[in-house]
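These notes are about the structure you will find just below.
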Amino acid sequence: TKEKGVSITHFINQQRIKEAKELLLITQHSLMDISTLLGYNSQSYFTRVFKSIEGIGPKEFRRKYQMEKG
C-alpha cells in the first residue's frame, strides 16, 4: 500500500471505518461499543479518525442515514 501513497495505518483505519459505517447503519450499538469492537482505545479517537475519513462524525453519519431512511 505504501507504493500507492497510503500508509498501512491509514489503510487499516479506512477498513475499520468501513466496518464502523456498517455497524452504525445496521445496529443500535453505542459509539463506545463500536469503537471498542473495532479496537480503538477511546471513543474520542475513534470519532476523530471517523471524521477525518468521512468528513462528519459517526453520530452525524448515523443520524443522516436514519433521516434519509425514515
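Values quoted throughout were computed directly from the atomic coordinates according to the rules given, and no laboratory measurement underlies them. Computed from a prediction, not measured in an experiment: that's the story for all the values here. Using ideal geometry, Cβ is built from the backbone for each residue, glycine included, and neighbour counts are taken over all protein chains shown.
In order along region 58-69, the phi-based Karplus estimate (6.51 cos²θ - 1.76 cosθ + 1.60, θ = phi - 60°) of 3J(HN,Hα) comes to x, 5, 5, 4, 4, 4, 4, 5, 5, 5, 5, 6 Hz; Gly and Pro are listed as x. Matching the structure-derived Kirkwood radius over Cα pairs in Å against the labelled list (1) 15.2; (2) 11.9; (3) 12.5 gives the label (3). Residues in region 4-18 carry Karplus couplings, in order, of 8, x, 10, 6, 4, 4, 5, 4, 4, 4, 4, 5, 5, 5, 4 Hz; the curve used is 6.51 cos²θ - 1.76 cosθ + 1.60 with θ = phi - 60°, and Gly or Pro positions show x. From least to most packed, judged by other beta carbons within 10 angstrom and beginning with the fewest, F61, F46 follow the order F61, F46.
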